[in-house]
Amino acid sequence: MKLAPYIVIALVALGLLLVLRIALSNYVGERADFERTPPSEISRHPERAGIAGLAEIRFAAAGEPSTAGWYAPSRNRAAVILVHGTQADRSSLLNETQVLAEAGFGVLALDLPGQGASEGKSQWGVPERHAISAALDWLSQRAEVDPGRIGGFGLSMGAYVLTQTAALDHRLRAVVLAASPNDVVEQLRLISNRWSLVSQLPAYWALRNSGMPLDLRPKDVIGSITPRAVLILGGDRDAAVPEYMARQLFASAGDPKELWIVPGAHHGDYARAAPREYRSRLIDFFRRNLLN
C-alpha cells in the first residue's frame, strides 16, 4: 500500500515525458520545413539527367540573394518555371522538367531561397515570391523566350507560393498548382492532429517562429489570377493536402480553370499513379495556354 503514491508519481512522470516527447517531435518536424535541404547528386550534375541542353544557372534580382537552378532552352518560344516543395530541391521535379523540355518548352527549375544551392533563408513567403519574380525577369531576357508565354508549375508549398506570386505578378500567363494547401495553418492542423492540441500547438509555434507570413492564403487570392488559366491537381489518397483543399481552391478560382483529382495518387505522385495521362495533361495545358 505504501508503494501506491510512488506508482502514481511514476505514471504521472511517464505521462509528462510522453507529452513532452510528442510536443518536441512535432515542433522539430515543422521546423524541418524551413531548414536547408542540401543539393542532390543529380542537381549538381544536370548532364546526367538525360535532358538535352539542361544546364546549371544562377541569377539574382538587385539586392536579393542569388538563386540557383536548371535551365533547358525553349524550342517553341514558351517557358515554364518549376517550383518545388518543402524538404526538397529542383531535382524533386525532374520528371516535370523532362516532360516539358521534351515537348519543346523552356524549363527553369528553381532551388528556392535557403534550399539546394540557392542563397538566403526559407520563409515560404516573400523570399520565395521574389525568387519566382526574378526567374521571370531572367527568362524574359532570353532571346528564345517570348515574355508573354511564360507559365509556372508548383508542387505542395511551391504551389502555395506560386499562387501568391501569380496573383501579384501578371507575367505568369498560366499556372499548374499541384497538391497546394489552401491555407497553411489549416493544413498544419490537419497533419499534426494525431494527439490533438499536444501535437498541434507545438507545430503551430514552430510555424510562427519561422517568420512565415500567414497572409495571402491561396484560397483568398487565387481568384486574382483570372483571366489567366489555372490547372489544379490533387490526389484522392493525399493525406497531407486532402482532396477537399484542391476542390476548395477550384471553387475559389476564376475562369478559365481546370481540376484533376488523380485516382490513386498520394501527395504529388501523379507520375506514378497515372504516368501517361499526367504527361499529356501537363503538355496539353501549357500548349493551349502559352502557345495558342
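Computed from the coordinates by the stated procedures, all read-outs in this text should not be read as laboratory data. This one's a predicted model, so the numbers in the text were calculated from it and none came from an experiment. Positions of Cβ are generated from backbone atoms using ideal geometry, with glycine treated the same way; all protein chains shown enter the neighbour counts.
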**Prompt:** When the helices in the chain are scored as -39500 (n - 2.57) per DSSP H run of 4 or longer and the sum is shared across all residues, what 222 nm value do you end up with, to the nearest 500 deg cm²/dmol?
**Reply:** -12500 deg cm²/dmol
**Prompt:** For the stretch 240-292, what class follows from the C-alpha gyration tensor (a ≥ b ≥ c being the square roots of its eigenvalues): rounded when a/c is under 1.5, otherwise prolate if a/b is larger than b/c, else oblate?
**Reply:** oblate
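How long are the three semi-axes of the equivalent ellipsoid for the stretch 133-292, computed from the Cα gyration tensor as the root of 5 times each eigenvalue, in whole Å, largest first?
Numbers: eigenvalues 159, 76, 34 Å².
Gyration-tensor ellipsoid for the stretch 133-292: 28, 19, 13 Å.
Could you tell me whether the stretch 199-292 comes out rounded, prolate or oblate from its Cα gyration tensor? Rule is a ≥ b ≥ c as square roots of the eigenvalues, rounded for a/c under 1.5, then prolate if a/b exceeds b/c, otherwise oblate. Please report the intermediate quantities before stating the final value.
Numbers: a/c = 2.42, a/b = 1.39, b/c = 1.74.
Taking the square roots of the gyration eigenvalues as a ≥ b ≥ c, the stretch 199-292 is oblate.
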**Request:** Determine the principal axes of the Cα atoms in the stretch 59-111, then give the extent along each, sorted from largest to smallest and rounded to whole angstroms.
**Result:** 34, 26, 11
**Prompt:** Highest mean first, what order results for 265-276, 138-149 on Cβ atoms within 10 Å?
**Reply:** 265-276, 138-149
**Message:** Using the Kirkwood formula on the Cα atoms of the stretch 61-208, what hydrodynamic radius do you get, in angstrom to one decimal?
**Reply:** 15.8
**Prompt:** Measuring from a point 7 Å past the Cα of Arg237 along Cα-to-C-beta, which residues in the stretch 174-207 have an amide N at less than 18 Å?
**Reply:** 179
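Using the Kyte-Doolittle scale, find the helices of the chain whose mean hydropathy is at least 1.0 and whose Cα atoms extend 18 Å or more along the helix's long axis, counting only whole DSSP H runs. Walk me through the intermediate numbers first.
On the way: long enough: 4-31 (40 Å, 1.51); 126-140 (21 Å, 0.19).
Helix filter hits for the chain: 4-31.
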**Complete:** Kirkwood radius from Cα pairs of the stretch 1-54 plugged into Stokes-Einstein at 37 °C, 0.692 mPa s, gives D in µm²/s equal to 208
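With viscosity set to 1.567 mPa s and temperature to 4 °C, compute the Stokes-Einstein D of the stretch 74-138, Rh being the Kirkwood radius across alpha carbon pairs; µm²/s, no decimals. Can you show the working numbers first?
Details: Rh = 12.2 Å.
Value of D from the Cα-based Kirkwood radius: 106 µm²/s.
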**Request:** Please work out the Cα center distance from the stretch 155-180 to the stretch 1-51, rounded to the nearest Å.
**Result:** 30
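In whole angstrom, how long is each semi-axis of the equivalent ellipsoid of the stretch 109-161, when you take the square root of 5 times every eigenvalue of its Cα gyration tensor and sort them from largest down? Write out the running numbers ahead of the final one.
On the way: eigenvalues 90, 31, 16 Å².
Over the Cα atoms of the stretch 109-161, the ellipsoid semi-axes are 21, 12, 9 Å.
Given the Cα-Cα distance of Ile9 and Ile22 and 0.36 nm per residue of separation, how much length would full extension add, in nm? Provide the component values of the computation, followed by the final result.
Numbers: separation 13, 0.36 × 13 = 4.68 nm, distance 2.00 nm.
Extra length from Ile9 to Ile22 when fully extended: 2.7 nm.
Diagonalise the Cα gyration tensor of the chain and give the resulting equivalent ellipsoid semi-axes, square root of 5 times each eigenvalue, largest first, whole Å.
On the way: eigenvalues 289, 84, 61 Å².
Working from the Cα gyration tensor, I get semi-axes of 38, 21, 17 Å.
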**Request:** Sticking with the crude label model, points 7 Å out along Cα→Cβ, report the distance from Leu168 to Arg142 in nm, one decimal please.
**Result:** 2.3
